[in-house]
Amino acid sequence: MCVTRCQSPSRAYYDIVLVGSSTRMPIIRSQLKTQFPHATLHPIRPENAVAIGCAIQGAVIDNKITDLAALDVITLSLGIELVEGLFEKVVDRNTPIPTQKTACFTTTADYVTKLPICFYQGESDLVSIIRISDLQSCGAATPFGITERIRIQFH
């Protein structure tokens, strides 16, 4: 799935790092060998993966490794709930962090005085996913209701 999203040819991969118990299964290894015949498989014990990643990132920051970039990304899209349970993504998955994204929204009714805003993360078009938090009110309320566009900003 990740390779499909990257749209890179299989010959572009020359090293594959395997982390986790399922990568010890012979069927997984044979499928990887079939899909990436030029690649070398490097199994890593899951408990060592974080330590190795930190060591690599430290070497990149200290300029001891210059031909490698280790990116931290948002693993699931972030967004808000719209009308009828629809999910509007504001920050797409695999966006490198730190990042800042802004989106503007309006209400579906006039003279709204209180606006619940629910934040979610996931890839579904529906909000039947994990809720991050709720805000029960949003800025610019007037005696006649919210008249401005609502600006949502993720930092």
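None of the figures in this text is laboratory data; all of them are computed from the coordinates on show. Every value quoted in this text rests on a predicted model; they were computed, and no experiment measured them. Glycine gets a Cβ as well: all are built from the backbone with ideal geometry, and neighbour counts include every protein chain shown.
Scaling the Cα radius of gyration of region 1-115 by the globular reference 2.2 N^0.38 Å produces a ratio of 1.53.
Between GLN153 and PHE105, the contour length at 0.36 nm per residue exceeds the Cα-Cα span by 16.2 nm. Tell me which aspartates and glutamates have Cα within less than 14 Å of LYS33's Cα, excluding those fewer than 8 residues away on the same chain? Excluding near neighbours in sequence, the set is ASP15.
The orientation-averaged projected area of the convex hull spanned by the Cα atoms of region 2-61 comes to 4.8 nm². Spin-label pair GLU47-TYR13: with each label point 7 Å from Cα along the Cα-Cβ axis, the two points sit 2.7 nm from one another. For region 58-101, the equivalent ellipsoid built from the Cα gyration tensor has semi-axes of 34, 8, 6 Å, listed from largest to smallest.
Between CYS54 and THR75, what is the FRET efficiency for a Förster distance of 22 Å, r being their Cβ-Cβ separation, to the nearest 0.05? Mind dumping the intermediate values first?
Numbers: r = 18 Å, r/R0 = 0.80.
Computed FRET efficiency for CYS54 and THR75: 0.80.
A crude spin-label estimate for the pair GLN31 and LEU86, with each label 7 Å from Cα along the Cβ direction, gives 3.5 nm.
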